[in-house]
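Structure record follows, encoded as structure tokens.
The values are calculated or read from the model by the stated rules, or taken from the named source; none is laboratory data. The structure presented is a predicted model; accordingly, all values stated were derived computationally and were not measured. Cβ placement follows ideal geometry from the backbone for every residue including glycine, while neighbour counts extend to all protein chains displayed.
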Amino acid sequence: MGADGVESVEEFRARARAWIRANLRPLEAHEEVGIMRPTRTDEEELAAVARDREIQKALFDAGLAGICFPPEYGGRGLTPAHQRAFNEEITGYEYPQRLQVPTFAPCAAVLLEFGTEEQKRAHIPAILKGEEIWMQFLSEPSSGSDVAAALTTAVRDGDDWILNGSKIWTTGAWWSDWGLCLARTNWDVPKHRGLTVFILPIAAAGVDVQRIEMLNGVKEFCQEFMTDVRVPDSDRIGEVDDGWTVGTRWMFHERMSSGSPYVTSPGTSAHHRIGPDWLLDIARGTGRLDDPLVRDLVGEGRVLDLVGAALHPRLALGMTTGRLSDQAAAIGRLYSGVCATRLTTIAFDIAGGAGAAWADDDGAASDVGADFLMRQTATIGGGTTEMARNVVSERVLGMPREAALDRGRPFREVPRGGRSGG
Ligand SMILES: Cc1cc2nc3c(=O)[nH]c(=O)nc-3n(C[C@H](O)[C@H](O)[C@H](O)COP(=O)(O)OP(=O)(O)OC[C@H]3O[C@@H](n4cnc5c(N)ncnc54)[C@H](O)[C@@H]3O)c2cc1C
């Protein structure tokens, strides 16, 4: 302990290292690489979710959960440097991956900022113990990038709200517990001024979760249909019609993603899953280690990884100290998306023929071709890289805002798909 009674980063690191080595399973080579690979049956996925909850509870009991969460809600109240040390120590071991994004950030981070005392006491400790997995009910079939154009509607009914509408692309909603939901509560004001945020159990009456099968066979994406879902006013987050104030910070925490101090993200950068070691393994496995082109590609991968490892903490520090505006989170989001897509392309190029057709025993090169086809998810999920570029140009660099035909117009009057009105 330091003189102030706070566990130093090095003491914490040593304690975390000993616990991780004693309690967690080391990952096998290439176990967690790739993009949404169809490697598990539903039963195996549910078992993996249960294991993630179990690890989270064990971390909580060991005093290693919620490193940057306030102690009054079960966290450790430590610093981002402690979280970084933990990230480094857990690299190469199993960890509760399904609880990180979006449960800890953006959902728990939004609860911490805008939740009432009762909401925080009810949910943050449960989240830190692995009892609650949260999802973002944000994108809709008609609004993804333009989230403020949400059509899901909440209407006041006494002490409750009645929600109707549909959310989509919710990864893992079928095995999750709670949703953070953006809904329209006022159609007579411009779109950003008529939104409110609610929380709801995904198993609530009236919520129908349908799974969406992707081309590679994965069924983790979900669409939720909400029909007369009753939500008590005590489950409202922030003020009525002021959901964009909450939403702005929600987007900030979403863009921080695995760079958030609330999130455990093994490795030194956000791209540990497709990092240089994997590229080297693919080159070795396909007998191309001495190919000058392949050596260039491995080098490029290494540089991308190093830049990411330097950029993300620097952005986080700049935003924490106020040297950078919170909008700079879009720089990190942009880099993560562009970099992950490029690394996946590099892996595909190095794999050569094994990238186009492969056998299960092709080692590191197996499934690289499928990853290549999935590479654009990294530029879409968590807000697209195009939208990140908009934020960087308009909000970080101060360039003129793009034209918007709906600005200042009551949302009811904005034409949508040939019609208007709520
Ligand atoms: C892996 C993954 C996980 C996801 N998880 C979730 C989740 O858990 N919860 C959730 O709610 N959503 C989730 N999403 C959905 C994601 O947030 C949306 O797909 C994304 O915001 C884009 O919305 P859209 O698909 O409706 O595309 P659109 O908004 O229709 O955009 C289509 C294209 O137009 C571009 N575009 C749109 N507007 C502009 C503009 N103003 N300037 C420049 N270009 C523009 C976009 O960048 C994009 O290329 C996930 C998506 C993926 C891929």
Among all residue pairs at least 6 apart or on different chains, which show Cβ distances below 7 Å where the first residue, located in the stretch 199-221, is within 14 Å of Trp134 (Cα to Cα) and the second is away from the ligand (no atom under 13 Å from the Cβ) and outside any strand (DSSP E or B)? Ile199/Asp235; Leu200/Asp235; Pro201/Asp177; Ile202/Asp177
Of residues in the stretch 235-256 being under 19 Å from Leu151 (Cβ atoms) and among the hydrophobic types (A, V, I, L, M, F, W, C), the one surrounded by the most Cβ atoms within 10 Å (Cβ to Cβ): Trp250
Here is a list of conditions, (1) over 26 Å from Pro313 (Cα atoms); (2) within 16 Å of the ligand (Cβ to nearest atom); (3) of a type in the set (A, V, I, L, M), and Ala122 meets all of them except one; can you say which number that is? (2)
Give the residues of the stretch 26-70 that are loosely packed, with under 12 Cβ neighbours inside 10 Å and under 23 Å from Ala85 (Cα atoms), sorted by residue number. Pro26, Glu28, Ala29, Asp61
Going through the stretch 110-134 one residue at a time, which ones are of a type outside the set (D, E, K, R), more than 17 Å from Ile55 (Cα to Cα) and either assigned by TED's automatic domain parsing to the domain that holds Ile380 or in contact with a Lys or Arg (Cβ under 8 Å, 6 or more places away or on another chain) (or both)? Val110, Leu111, Leu112, Phe114
If a residue must be part of a loop (DSSP other than H, G, I, E, B) and either of a type in the set (Phe, Trp, Tyr) or modelled with pLDDT of 70 or more (or both), how many such residues does the stretch 268-290 contain? 5
If Ala150 passes every condition in (1) buried (at least 20 other Cβ atoms within 10 Å of the Cβ); (2) more than 16 Å from the ligand (Cβ to nearest atom); (3) under 23 Å from the mean Cα position of the chain (by Cα); (4) more than 25 Å from Pro261 (Cα to Cα) but one, which one does it miss? (2)
Quick one: which helices (runs of 4 or more DSSP H) sit completely within the stretch 349-414 and have at least 2 residues that are at pLDDT 95 or above and closer than 19 Å to Gly144 by Cα? 385-391
Of the residues that sit in the stretch 134-144 and are out of contact with any Leu (no Cβ under 7 Å at 6 or more places or on another chain) and modelled with pLDDT of 95 or more, which one is farthest from the ligand (Cβ to nearest atom)? Pro141
May I ask you to verify whether Thr379 is touching a helix residue (DSSP H, G or I) at 6+ places or on another chain (Cβ under 7 Å), surrounded by 16 or more Cβ atoms within 10 Å (Cβ to Cβ), without any contact (Cβ under 8 Å) to a residue 60 or more places away in the chain and under 30 Å from Ala283 (Cα atoms)? yes
Mind checking which helices (runs of 4 or more DSSP H) fall wholly inside the stretch 55-128 and carry at least 3 residues that are farther than 22 Å from Glu11 by Cβ? 109-114, 117-128
Evaluate the following for Trp161: is it under 20 Å from Arg53 (Cβ atoms), in contact (Cβ under 8 Å) with a residue 40 or more places away in the chain and either within 12 Å of the ligand (Cβ to nearest atom) or in the same structural domain as Val147 (by TED's automatic domain parsing) (or both)? no
